[in-house]
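Have a look at the structure below before the remarks.
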Amino acid sequence: MVQVLRRTLERRGRIRTHTRKAPPVTQIGQGSTEFRVELPSVATTLTLAWAALTDVGHRREVNEDSLLAAPPLFAVADGMGGHSAGDVASTAVVTRLAELSGTLVAEAGSIDRALALAVEDMAQGVGVTDQGTGTTVTGVALALVSDAVSWIVYNIGDSRVYRLTGGVLEQITNDHSVVQELVDAGRITREEADVHPHGNIITRAVGFHEPPIPDYRILPIQAGMRILVCSDGLTKELTSYGIRHFLLEQKLAADAVAAMVTAALENGGRDNVTAIVIDVLAVEPYEASNT
C-alpha cells in the first residue's frame, strides 16, 4: 500500500526525492515565502511562510526521515527498523497525513485516523517491515479551537516542536524516551540526559506494538511566532541555545533551516537531520472579496 501511495504521489509531483548518498527520502510539499489562509468562519486571515530541509547525515547510509509541509499540516517522521523499513514507516505516516492537506483546518480526530491507517499500511510491507518497524512523528496543524485559530501540536516519540516568541525559545513537545522519564523522575539532570547511553531509546512510536497515541497541545496563533519541527538528528547536534541563535539570526525560514542543518552536520551529523520552520507573518481580519 505504501509503495502504491508513493508512486501515485510521485506522479502527481507531490513527492520530491533526494539521493545524496541514500535511497529516496519522502518530502511532501514545497516551501512558501507567503501563503494566505482565509478563514471566514472566524473572520480571520493568516499569512504563513515556511521551509523544510532534510539530510542523510555523515554516518547513515539510509535517510529514514520523511516530512510533510502542506497546510494545514506540517510533520516530521523519523523512521526506525533498519534497512529500508524505517523509510517505509515514515513514508506511510506522512503519506496518510498528506491526505488531509488541501483543507483549511485539521482536527485531532483526523490525525488519529491517519496514523491508524499508516500502521495498516506498514503491515502491507511484508518482507520489508517487521515487528520492530516504526517511526516517530511530530508536527503542527492549523485548527479552530473554541472559535480561535490555533496550532494543534502532536507528537509520538522524540522528534520535537519548538516555539519562538519574543526571543524566547520553548520546547513544546515532551519526548517519549527513557531519558525523559529519568529526567521527569529526578534521577538525572537535563545535561546528563544529553549524553546518556540510552538516549536513543524511545518509549512510544507509530508501529505494530501499540496503537498510535499522540500527545496533543493547543497553541494560540500569534503574528510573529516561529515554529520549528525537527527530528532528533538536529537536537543531538544543537543545544537549545544553538537552535535559538539560528532562529533569531536568520529572518527567512529557508535561511533558518539551512543554517541549522548545516550546523548539525558540522557538529557531527551522526543521524539523519530534518527541520521545518514555519513563520506566522500576519494575523488579520478577514475581508470578503468583492469579485
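The values are calculated or read from the model by the stated rules, or taken from the named source; none is laboratory data. What you see is a predicted model, and the numbers here were worked out from it, not measured in a lab. Cβ coordinates were reconstructed from backbone atoms using ideal geometry, including for glycine residues, and neighbour counts include every protein chain displayed.
Just so you know, in segment 84-104 the residues that are part of a helix (DSSP H, G or I) and among the polar types (S, T, N, Q) include one that is nearest to the chain's Cα centre (by Cα), and it is 90. The set of residues in segment 159-190 that are closer than 11 Å to residue 229 by Cα and of a type outside the set (Val, Ile, Thr) comprises 159, 160, 162, 163, 171. Residue 273 falls short on exactly one of the conditions (1) at pLDDT 95 or above; (2) surrounded by fewer than 24 Cβ atoms within 10 Å (Cβ to Cβ), and that condition is (2). Of the residues 120, 191, 170, the single one that is surrounded by fewer than 19 Cβ atoms within 10 Å (Cβ to Cβ), of a type outside the set (S, T, N, Q) and over 26 Å from residue 277 (Cα atoms) is 120.
Residue-level analysis places residue 51 among those that are in a strand (DSSP E or B), under 30 Å from residue 288 (Cα atoms) and in contact (Cβ under 8 Å) with a residue 12 or more places away in the chain. Filtering 266, 210 for residues that are at pLDDT below 95, closer than 22 Å to residue 64 by Cβ and out of contact with any helix residue (DSSP H, G or I) (no Cβ under 9 Å at 6 or more places or on another chain) leaves a single hit, 210.
Take the conditions out of contact with any Asp or Glu (no Cβ under 7 Å at 6 or more places or on another chain), within 27 Å of residue 122 (Cβ to Cβ) and aromatic (Phe, Trp, Tyr) and apply them to residue 241. Does it pass?
No, not satisfied.
Can you pull out the residues in segment 221-232 that are within 12 Å of the chain's Cα centre (by Cα) and either modelled with pLDDT under 95 or not in a loop (DSSP other than H, G, I, E, B) (or both)?
227, 228, 229, 230, 232
In this structure, does residue 5 turn out to be at pLDDT below 95, over 27 Å from residue 265 (Cβ atoms) and of a type in the set (A, V, I, L, M)? In short, yes.
Restricting attention to segment 107-164, the residues that are part of a strand (DSSP E or B) and either of a type in the set (Val, Ile, Thr) or modelled with pLDDT of 95 or more (or both) total 25.
When segment 216-233 is filtered for residues that are touching a Ser or Thr at 6+ places or on another chain (Cβ under 7 Å) and under 25 Å from residue 27 (Cβ atoms), the ones remaining, listed by number, are 219, 221, 225, 229, 230, 231, 232, 233. Within segment 237-258, the residues that satisfy the criterion of being crowded, with 21+ Cβ neighbours inside 10 Å and assigned to a helix (DSSP H, G or I) are 243, 246, 247, 253, 256, 257. In this structure, residue 36 qualifies as touching a strand residue (DSSP E or B) at 6+ places or on another chain (Cβ under 9 Å), surrounded by fewer than 23 Cβ atoms within 10 Å (Cβ to Cβ), modelled with pLDDT of 95 or more and of a type in the set (D, E, K, R).
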